[in-house]
Amino acid sequence: MGMVGGGRGAFIGGVHRMAAALDGQIELVCGAFSSDPERSRLSGEDFHLPANRVYRSYAEMITIERHLPDERMDFVAIVTPNHLHFAPAKMALEHGFHVVCDKPLCFNLAEATELVALVESTGLLFALTHNYTGYPLVKQARAMIHAGELGQIRKVVVEYPQGWLSTKLEDTEQKQADWRTDPTRSGMAGAMGDIGTHAENLAEYITGLKITELCADLTAFVPGRQLDDDGNVLLRFNNGAKGILHASQIAAGEENDLNIRVYGTRGGLHWRQLEPNTLVVRWLDKPTELRRTGVGELYPATQAHTRIPAGHPEGYLEAFANIYRNVAYCLQARLLGQEPDPLYLDFPTVHDGLRGMQFIERVVASNQSQEKWTMF
């Protein structure tokens with residue numbers, strides 16, 4: 001693996017490195033860790049990389065790595081702010097490298113459309129780290145719905161409340177707040193782009209449905225903030241189901257409470273990221289059930305993404321690692337000329353990234369429009 005971004009002082013770069021290393025299938029061999037060449041060099045020292053594999057820019061890295069013999073990187077992990085996803089992803093694909101990219105896919109819908117075309121024309125692997133799809137009981141919820149256990153899906157409620165931006169944190173030189181609230185780096189949406197896309201992705205992933213229309217109300221509650229820090233969206237799905245999506249970064253006191261409830265004609269389920277090892281299943285005609293990671297009869301996709309015995313918490317890093325492990329297994333199969341196990345083809349792709357960028361654009365358009373509903 002080569003990495004773009006994620007050097008000293010970066011949060012998400014460390015998460016990606018830990019997740020990629022967890023299964024022993026991926027080795028960090030090179031990187032362009034900062035737009036500042038000196039910071040990139042120092043970061044490479046932190047990661048104990050040889051000096052000749054630490055690059056001054058992603059362009060230098062991709063150009064040189066392409067012509068190295070056997071030790072060249074196999075794929076690129078992009079862990080920069082949103083506005084710096086597109087160019088390295090495009091160049092990597094054009095030079096024959098597979099890509100793992102942090103979400104959202106890129107800065108705007110035009111860039112997303114171009115990346116989709118590139119992935120389709122090259123046939124290369126492209127994974128997007130919507131990491132919440134990696135939790136075992138998210139896989140269980142998806143499998144139950146796909147098997148028809150809940151009946152026809154009627155209602156989807158997905159929420160992502162955080163409280164960390166309840167004050168104007170971006171004025172304190174806090175790096176994460178600074179770029180996430182800056183439209184020149186984050187894009188046209190704030191909370192909806194940052195965490196609302198996670199909620200949208202989780203709703204479509206678990207249910208297998210697609211959003212077809214939405215009605216959005218976005219607000220920047222903190223005075224002087226340029227992008228939304230709170231949003232409420234009504235949803236319509238392609239099977240006739242209705243939904244509600246709420247994402248907020250000014251929900252004071254909240255930590256990271258992504259959660260989803262799905263209701264069908266026979267029953268419903270509830271999953272919370274703060275209690276990820278438990279899936280609550282409710283029925284019309286029998287008592288409520290708790291499904292637990294590693295306990296009882298679970299679907300194969302659930303078991304394939306469960307790492308440790310029951311009663312041992314599996315969380316954020318393990319879910320993140322499931323995406324990297326699946327990419328590694330699929331890439332290994334390709335290198336050996338084999339077909340990958342379908343269980344490990346289960347990771348978010350560039351097409352999920354396109355859906356996310358479409359969601360951002362439509363939500364912002366709906367918020368600005370006098371019309372009640374906006375076509376997705």
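The values are calculated or read from the model by the stated rules, or taken from the named source; none is laboratory data. Given the structure is predicted, the values throughout are model-derived calculations rather than measurements. Glycine gets a Cβ as well: all are built from the backbone with ideal geometry, and neighbour counts include every protein chain shown.
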When you scan the stretch 22-40, do you find a residue that is among the aliphatic types (A, V, I, L, M), surrounded by 15 or more Cβ atoms within 10 Å (Cβ to Cβ) and touching a residue at least 60 places away in the same chain (Cβ under 8 Å), even just one? yes
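Per-residue answers, yes or no, for (1) of a type in the set (Val, Ile, Thr); (2) in contact with a Lys or Arg (Cβ under 7 Å, 6 or more places away or on another chain); (3) within 24 Å of ARG325 (Cα to Cα):
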{"site": "ALA59", "(1), (2), (3)": "no, no, no"}
{"site": "ILE62", "(1), (2), (3)": "yes, no, yes"}
{"site": "MET73", "(1), (2), (3)": "no, no, yes"}
{"site": "LYS90", "(1), (2), (3)": "no, no, yes"}
{"site": "ALA110", "(1), (2), (3)": "no, no, no"}
{"site": "LEU115", "(1), (2), (3)": "no, yes, yes"}
*asked:* I'd like to know if the stretch 121-138 contains one or more residues that are touching a Gly at 6+ places or on another chain (Cβ under 6 Å) and more than 30 Å from PHE359 (Cα to Cα).
replied: no
Across (1) farther than 30 Å from ARG261 by Cβ; (2) of a type in the set (D, E, K, R); (3) buried (at least 24 other Cβ atoms within 10 Å of the Cβ), ARG185 clears everything bar (3)
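Out of the stretch 55-68, which residues are among the hydrophobic types (A, V, I, L, M, F, W, C) and under 12 Å from VAL4 (Cβ atoms)?
Result: ALA59, MET61, ILE62.
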Next item on the list: Look at THR212 and say whether it is within 18 Å of VAL156 (Cβ to Cβ), surrounded by fewer than 21 Cβ atoms within 10 Å (Cβ to Cβ) and modelled with pLDDT of 95 or more.
Entry: yes
Within the stretch 146-168, of all residues that are hydrophobic (A, V, I, L, M, F, W, C) and out of contact with any helix residue (DSSP H, G or I) (no Cβ under 6 Å at 6 or more places or on another chain), the one surrounded by the fewest Cβ atoms within 10 Å (Cβ to Cβ) is ALA147
Of those in the stretch 262-311 that are in a strand (DSSP E or B) and without any contact (Cβ under 8 Å) to a residue 12 or more places away in the chain, the residue nearest to the chain's Cα centre (by Cα) is VAL280
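Might you let me know whether the stretch 100-120 holds any residue that is closer than 16 Å to VAL281 by Cβ and either surrounded by fewer than 23 Cβ atoms within 10 Å (Cβ to Cβ) or within 17 Å of the chain's Cα centre (by Cα) (or both)?
no
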Selection from the stretch 229-243 of residues touching a Ser or Thr at 6+ places or on another chain (Cβ under 6 Å) and either among the aromatic types (Phe, Trp, Tyr) or farther than 13 Å from ALA203 by Cβ (or both) yields ASP230
Of the residues in the stretch 168-186 that are at pLDDT below 95 and either touching a strand residue (DSSP E or B) at 6+ places or on another chain (Cβ under 6 Å) or in a loop (DSSP other than H, G, I, E, B) (or both), the one that is farthest from PHE11 (Cα to Cα) is GLU173
By residue number, the members of the stretch 232-280 that are surrounded by 18 or more Cβ atoms within 10 Å (Cβ to Cβ), more than 15 Å from GLY163 (Cβ to Cβ) and either among the β-branched types (Val, Ile, Thr) or outside the structural domain of ASP194 (by TED's automatic domain parsing) (or both) are VAL233, ILE260, VAL262
Given the conditions (1) crowded, with 22+ Cβ neighbours inside 10 Å; (2) within 24 Å of SER121 (Cβ to Cβ); (3) assigned by TED's automatic domain parsing to the domain that holds THR212, every one holds for SER366 apart from (2)
Selection from the stretch 339-353 of residues in a helix (DSSP H, G or I) and either β-branched (Val, Ile, Thr) or out of contact with any Pro (no Cβ under 9 Å at 6 or more places or on another chain) (or both) yields PRO342, TYR344, LEU345, VAL350, HIS351, ASP352
Given the conditions (1) buried (at least 16 other Cβ atoms within 10 Å of the Cβ); (2) in contact with a Leu (Cβ under 8 Å, 6 or more places away or on another chain); (3) not small (Gly, Ala, Ser), every one holds for GLU94 apart from (1)
